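The values are calculated or read from the model by the stated rules, or taken from the named source; none is laboratory data. This is a predicted model, so every value here is computed, not measured. No Cβ is skipped: glycine too gets one built from the backbone with ideal geometry, and neighbour counts run over all protein chains shown. Side chains included, ligands, DNA and RNA excluded: accessible areas come from the protein's heavy atoms. Shrake-Rupley method; radii C 1.70, N 1.55, O 1.52, S 1.80 Å.
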Amino acid sequence: MSNRNSKVDFNKLPYKLQLSENELPKQWYNLRADMKNKPAPLLSPATMKPITFEELRQVFCDECARQELDEVNAFFDIPQAIQDFYKMYRPAPLTHAVFLEKALNTPAHIFYKFEGNNTSGSHKLNSAIAQAYYAKEQGLTGVTTETGAGQWGTALSMACAFFGLVCKVFMVKCSYEQKPFRREVMRTYGASVVPSPSDTTEAGRKILADFPDAPGSLGCAISEAVECAANTPGFRYALGSVLSQVMLHQSIIGLETASAFEKYGIEPDIIVGCAGGGSNLGGLIAPFMGRKLRGEADYHFIAVEPASCPSLTRGKFAYDYCDTGRICPLSKMYTLGCRFMPSSSHAGGLRYHGMSSILSQLYDDGLMEARSVKQTDVFAAAREFARTEGILPAPESSHAIRVAIDEAIKCRETGEEKTIVIGLTGTGYFDMFSYQKFNDGVMQDYIPTDEDLMQGLSQLPEIG
Ligand SMILES: *Cc1c(COP(=O)(O)O)cnc(C)c1O
């Protein structure tokens, strides 16, 4: 695979492979249309049968429910209002990491697609604005959601402020306490923020009864947000990851990347991203995976997850609930079990028990690799990146940086000139307590034992 770019003069490239405004994608790409093995359908928790549009539209706004169920149409027009909003912070830069390459003394060519160039600090705004738009179009008054590290809640707050919607955010309790400034950004955009588990919902009260000191988890906050939406007239629920509709919106990342590479005649070899619920990675790889599925090209895709929450590398491919409270639909995915309580690992955005059903299917079909990495190794990579390329990366994003650096070092040893693309999902300004621990040398690596994992895995639902 290596040296497919022998005709490209990498020394003559601009530092940023930039697209102009009129080169921005006007459609999202639905990778499912090109998959022979489609992801298994979501199941209704009430009937255990494939969920219907009627059931789904009780939870999500109508157009999002439609997109969720559509595995046929390859392209969806991006509404003009969303295209206009995207112009405030897109195209996201695709940067040639020349300083990192030099520091690593590698013949590899490293690029990163940087999604942290907006106030929410991550790629999540790409889907938040779409979900808020469709809610507004339908005449709804507000949305509820959960947030882990805080990026999704911030993104949805911004999107709701833009379209004049009410936004209620259930924030994982340990993040709520660790990141007061995140909370205040959301409130500045008009959202109300509740620490989860809370006593304002039945799901929250149940979890508190079992685990009074629960630090919270995404799965638990999801249960609360869904329940709250169901009980509030004119409200629906919005989810920032995992779902196929979210991956559809995030395809903007990959489409821009593919266009920019095409413009300069470059073909990547390795595409690497961090995987929490799978939306940024899925979005980044979508057009490239499409080519691979259609037999037009080949790429090495790598999903990187924390060793503390290893759904792909140590989970099971099975139907499971998307939330701890077991009120959400079931998805067939790589999962650690919906009752899995991850340690208060710092990469908040990667502390989810499950994984996108699309990525899970692709992984199970052997079309993608997955690796897990330890937190201290991740922060060492983050530090190297900050010192060379200037950007202070989010801990989540730094999982991808870790593996990209490892691959670049391999190239140094073999002399291969591979072209590596990193999905750099965001900035880490709200993660300075974690950076502090790392800088003080007191950061610890938590890796669950097989026994720890069995607790969650043994409780997977039986599907007939
Ligand atoms: C949420 C988040 C992630 C992980 O979510 P995915 O759905 O897997 O993309 C990664 N990086 C950042 C900065 C995030 O905010």
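Checked against the criterion of being touching a residue at least 60 places away in the same chain (Cβ under 8 Å), open to solvent by less than 20 Å² (accessible area, probe 1.4 Å) and within 14 Å of the ligand (Cβ to nearest atom), the candidates Ala92, Ala130, Ala97, Ala108 yield just one match: Ala92. If you go through segment 370-414 and pick out every residue that is among the hydroxyl-bearing types (Ser, Thr, Tyr) and in contact with a Phe, Trp or Tyr (Cβ under 6 Å, 6 or more places away or on another chain), you end up with 1.
On inspection, Ser311 fails the criterion of being within 11 Å of the ligand (Cβ to nearest atom) and either among the acidic types (Asp, Glu) or under 21 Å from Pro393 (Cα atoms) (or both). Scanning segment 397-440 for residues that are of a type in the set (S, T, N, Q) and either within 17 Å of Arg383 (Cα to Cα) or open to solvent by 70 Å² or more (accessible area, probe 1.4 Å) (or both) gives Ser397, Ser398, Thr414, Thr425, Thr427, Ser434, Gln436, Asn439.
Being crowded, with 18+ Cβ neighbours inside 10 Å, of a type outside the set (Ser, Thr, Tyr), at pLDDT below 95 and within 21 Å of Val166 (Cβ to Cβ) is a description that applies to Ala221.
Of the residues that sit in segment 17-54 and are assigned to a helix (DSSP H, G or I) and in contact (Cβ under 8 Å) with a residue 24 or more places away in the chain, which one is surrounded by the fewest Cβ atoms within 10 Å (Cβ to Cβ)? The extreme case among them is Glu21. All told, Gly464 falls short of being surrounded by 18 or more Cβ atoms within 10 Å (Cβ to Cβ), modelled with pLDDT under 95, over 21 Å from Ile253 (Cβ atoms) and of a type outside the set (Asp, Glu). Is it the case that segment 436-448 has a residue that's among the aromatic types (Phe, Trp, Tyr) and either within 16 Å of the ligand (Cβ to nearest atom) or modelled with pLDDT of 95 or more (or both)? Yes - at least one qualifying residue is present in segment 436-448.
In segment 135-157, which residues are part of a helix (DSSP H, G or I), away from the ligand (no atom under 16 Å from the Cβ) and crowded, with 24+ Cβ neighbours inside 10 Å? Within segment 135-157, just Ala135 meets the criteria. Taking into account only those residues within segment 227-241 that are in contact with a Leu (Cβ under 9 Å, 6 or more places away or on another chain) and open to solvent by 10 Å² or more (accessible area, probe 1.4 Å), which is farthest from the ligand (Cβ to nearest atom)? Among those that are in contact with a Leu (Cβ under 9 Å, 6 or more places away or on another chain) and open to solvent by 10 Å² or more (accessible area, probe 1.4 Å), it is Gly234. Among the residues of segment 163-173, those that are open to solvent by 10 Å² or more (accessible area, probe 1.4 Å) and touching a Lys or Arg at 6+ places or on another chain (Cβ under 9 Å) comprise Phe163, Gly164, Leu165. Note on segment 57-89: residues that are β-branched (Val, Ile, Thr) and open to solvent by less than 10 Å² (accessible area, probe 1.4 Å) total 2.
Look at segment 196-210: where a residue is over 23 Å from Lys179 (Cβ atoms) and at pLDDT 95 or above and a partner is open to solvent by 80 Å² or more (accessible area, probe 1.4 Å) and not polar (S, T, N, Q), sitting 6+ places away or on another chain with Cβ atoms under 6 Å, you get Arg205/Asp199. Considering (1) more than 16 Å from the ligand (Cβ to nearest atom); (2) open to solvent by less than 20 Å² (accessible area, probe 1.4 Å), the lone condition that Tyr264 does not fulfil carries the number (2).
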